[in-house]
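What follows is a single structure, written as structure tokens, with notes after it.
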Amino acid sequence: MISGLIDLVRSRGFQADALRRRADTTSISFESGRLKAAAVSEQAGINLRVVKDGRVGIAGTTATGDAELESLADRAAASADLGEALALTFPRNAPHPPVVTFFDAVADVSLDALTDIGREVMGRLARDGVQVNVTIEREVAETEVANTAGAIGAYITTGLTVAADLTRIAGDDVLMVYDYYTGCGMPSATDLDALVASILTRLELALRVVPPPEGALPVVFTPQGLSAILLPVEQALSGKSVLQGISPLAGKKGQQAFDIRFSITDDPVVSGRPGSRPVDDEGVPSAALPLVAGGVVRNFVYDLETAARADHGAQSTGHGARGIFGKPHIGYSNLVVGVADGPPPGETRVFAGGLAAGISDGLVVDDLIGVGQGNVSGGAFSHPVALAYRIEKGEITGRVKDAAVAGNAYDLLQKIGGAGNDGRWLSSRWSPSLLLEGVSVARR
Amino acid sequence: MRDRLSDALRRSPAQYTEIRVERTWASQVSFRGPRLETATASEDQGGFVRVLNPGCGWGIAAFTSLEQLPAMVVRAHELSRAVRLDEPITLAAVPPTESDVVPDLDGDVRGVSLAEKKRLIEGYNGLMLGVSGGIVDTQAVYRDEITEYWYVNSEGVALHELRPEITLSGTATARHDGTIEKGLESIGLRRGWKSAAGHEKGFRDVAERAVQLLDAPSVAGGTYPVVLDPELAGVFIHEAFGHLSEADFVYENPQAREMMTLGRRFGRPVLTVGDNGAAAGLRGTLPFDDEGTPTQDTVLIKEGVLVGRLHSRETAARMGERPTGNARAISFRHPPIVRMTNTYIANGKGTFDDLIGDIKLGVYACGAFGGQTMLENFSFTAAYGRMIRDGKPAELVKDVVLAGNLFQTLDRIERIAGDFRWNQMGGGCGKGGQFPLPVTEGAPHVRIEEALVGGDVAA
């Protein structure tokens, strides 16, 4: 299918690469305790990039019939006529590592079986005065990538997501708690237990509202709450940020920038995760890449274009991601955030990873409002809490409202107070809870 | 196409069937700094089928291969039959309508070359780059789109529309040592090529402001009388109140219904809020929503009292109210859900000067970098601010973040000026995985008696 398109553009004398993706999804949604809808979606599309006279052009389409491929190539050529000159080199064919992305049990699952999972989760979460919504989505996606230098790749992924949210309104107090399971395979009984326990634990701890603490305090960021801390670091480790001169980590490769126990690895070959794949969307074989190890900056991630633009001989690290429309860009696969001497994940996950025990006065941050707003790149953040809990004398004593946390991610990650035993995947990021010291907590 | 759709409807075994088909031609040109990032043209097409059967739930199918339409109607029917409901889903009645709307495209963007589009946005980008005193990076994006849209349902609605859209955006980044400031321009219009010209001043202004902000102090955190400019007031009412007035938030939840009981006082008599999908010429404007319900002006808060909410046919039937034409989908990939269109705070009286005349010390918060609400809590980042001193706007300040509780803040809106304007911005609204939905917000200057302002939550 895609090789025909590559042949077509090659015959016009262009270099090119292309991605074809087809995704079939089946989803069911339970609203307020009852199954309301079942849906299927079948979508396919092609993204084409050509190099014509040394200039790069892009075009995308969801009209994938043979007749439309000519017009796709025409549009890509017209785009290249305006494009800037760039010495883009497409990779040759190379072996891809084995990666497990496909599970028969997911591909073959029946609507009834999905409904049974939904009913079970629904039933276990049902509470008086609480609205429960559950959605389950199954996806089977085929990806094909090829270029005129001979690289080809094709793989099929399955995906299954069970998401549940719970809303409790009492007067003008609105509490929302949600969590989800996602993976390439079916959730095990343990996965569903963990999902239910995660939501119910956070609901029960939230029923009591306590006044927020104030001052520079120890704060436990749950895997979910960590997003505000990790976002600037994820941005800074992108080769594009380096190229644009906005990465605070630029020029620090090989230097200690974080706590000596802190590490981040991008791992596309881990088994059965949403970001797992044998080859990236530009035909570069997948490999795990340490980004931060022992607190030292090891690598930045690159796609083909950013590598070609970087003036220091950078190579693509296999982090090209592309949709049907628009041009390929840098994207992480699965990010694994670790702390060297952190405890192994416990049999059953404890909320906040057991880190509250050693804290006399502090906070657990599970969700913040406005993450990503404002100047992310410098590492400074300041957010009202969406869901946070007070720690007093080693115990989580209740939910705090009307509080805000602030700090600088780079400063806070210099000294990690501890890692929880609750390490888990949250979509395509794995991390435990982290205890960070001296976070500004203010009442408002 | 009309015949194919009628044929598919006729063959549908389901009790209720609706079909949407969309074809979209889009092009985008973007610059990063002086460099062209992309110049692309894309084509997107697909269909959406949703059916309902007695005693059953929704069956839905979305697809990109239009030849699959008849098969997808059957799939949707089977899915609906698989969802057994004790309590049936009912839809509020909507009159049958046939409508063919081909608006003045205001210069069909499909007849303009990519090269011309590139020249236009390159010009705006150049104005930002040309501002002296510290602009280190820019981003400028031109995007246009024309969607040909068909909608039919088994209750006699048949629509055909052409929907044009054009958006221009600019980000100017200024830097001096470790200080980085940004200026944002954003224009979104349901119009065509002719409306893309003439925006030079906006692009230049945001770049100049980014440079000025380098030397501006952060606002000192604290509680102040706060005046919102029309842009920020519009974003505020959309985010902080608009989402709560979407009936899918309340219709299945008795506690939420209680919180949002019609007749409840939400503000003082100066405050009137509404959503008007039929307002002429705005980005959130359409003749019908994605269930074939005509759009309308729906008053949500009248003189401080909750009087209405936004509905789909399903939420309206469930709550015994009337559909308001607010069931919208961002594309054929998604089902329609309850969304806003053009949301506004209605005009008050007097001028901006009248509004601030008796404020000894306050904050004038302008523009919006972003905002998020978690139901009753919100946080908004203004693009910039000015202190108000002795009744007059004074020095420029930055890091103006407003955070608070919705109910308290609405109740503290004490005065509203008579200088209403719609803010024709780009971007869009996100909900339920559907982003960006074209919407518009409008407001006059609004004065809040007291609000917490902080760039820094000093501990």
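One table, with the values for the structure above:
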read-out: Residue that is modelled with the lowest pLDDT [pool: residues in region B:45-99 that are at the interface with chain A (Cβ under 10 Å from one of its Cβ atoms) and in a loop (DSSP other than H, G, I, E, B)]; value: B:Asp86
read-out: Selection count, region B:317-348, where residues are surrounded by 24 or more Cβ atoms within 10 Å (Cβ to Cβ), outside any loop (DSSP other than H, G, I, E, B) and among the hydrophobic types (A, V, I, L, M, F, W, C); value: 3
read-out: Residue that is modelled with the highest pLDDT [pool: residues in region A:193-236 that are of a type in the set (D, E, K, R) and more than 22 Å from A:Arg124 (Cα to Cα)]; value: A:Glu234
read-out: Restricting region B:256-277 to residues that are aliphatic (A, V, I, L, M) and modelled with pLDDT of 95 or more, the residue that is nearest to A:Leu175 (Cα to Cα); value: B:Leu262
read-out: Test: residue in region A:360-370 that is assigned to a loop (DSSP other than H, G, I, E, B), surrounded by fewer than 23 Cβ atoms within 10 Å (Cβ to Cβ) and within 14 Å of chain B (Cβ to nearest Cβ); value: yes
read-out: Scan of region A:145-182 for residues that are over 26 Å from B:Val250 (Cβ atoms) and not in a strand (DSSP E or B), ordered by number; value: A:Thr148, A:Ala149, A:Ala151
read-out: Matching entry among A:Leu217, A:Leu192 (being in contact (Cβ under 8 Å) with a residue 24 or more places away in the chain, farther than 17 Å from A:Val405 by Cβ and either in the same structural domain as A:Trp430 (by TED's automatic domain parsing) or aliphatic (A, V, I, L, M) (or both)); value: A:Leu192
read-out: Residue that is surrounded by the fewest Cβ atoms within 10 Å (Cβ to Cβ) [pool: residues in region A:376-408 that are closer than 15 Å to A:Glu437 by Cα and at the interface with chain B (Cβ under 8 Å from one of its Cβ atoms)]; value: A:Ala406
read-out: Matching residues in region A:87-104 - criterion: being under 17 Å from A:Arg49 (Cβ atoms), at pLDDT 95 or above and assigned to a loop (DSSP other than H, G, I, E, B); value: A:Phe90, A:Pro91
read-out: Identity of the residue in region A:419-441, farther than 19 Å from A:Thr201 by Cα and surrounded by fewer than 23 Cβ atoms within 10 Å (Cβ to Cβ), that ends up modelled with the lowest pLDDT; value: A:Ser427
read-out: Of all residues making up region A:23-52, the number that are charged (D, E, K, R) and more than 9 Å from chain B (Cβ to nearest Cβ); value: 3
read-out: Residue in region B:235-247 that is of a type outside the set (S, T, N, Q), modelled with pLDDT under 90 and farther than 21 Å from B:Pro323 by Cα present; value: yes
read-out: Any chance A:Arg127 is surrounded by fewer than 18 Cβ atoms within 10 Å (Cβ to Cβ), among the basic types (Lys, Arg), out of contact with any Asp or Glu (no Cβ under 9 Å at 6 or more places or on another chain) and at pLDDT below 95; value: yes
read-out: Options B:Thr179, B:Thr147, B:Thr138, B:Thr97: the member that is surrounded by fewer than 19 Cβ atoms within 10 Å (Cβ to Cβ), touching a helix residue (DSSP H, G or I) at 6+ places or on another chain (Cβ under 6 Å) and outside the structural domain of B:Arg283 (by TED's automatic domain parsing); value: B:Thr179
read-out: Matching residues, region B:395-444, being part of a loop (DSSP other than H, G, I, E, B), more than 21 Å from B:Gly304 (Cβ to Cβ), of a type outside the set (D, E, K, R) and touching a Gly at 6+ places or on another chain (Cβ under 9 Å); value: B:Val400, B:Gln424, B:Met425, B:Gly426, B:Gly427, B:Gly428, B:Pro438, B:Val439
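The values are calculated or read from the model by the stated rules, or taken from the named source; none is laboratory data. Since the model is a prediction, treat every value here as computed from it, not as a measurement. All Cβ positions, glycine included, derive from the backbone under ideal geometry; neighbour counts span all protein chains shown.
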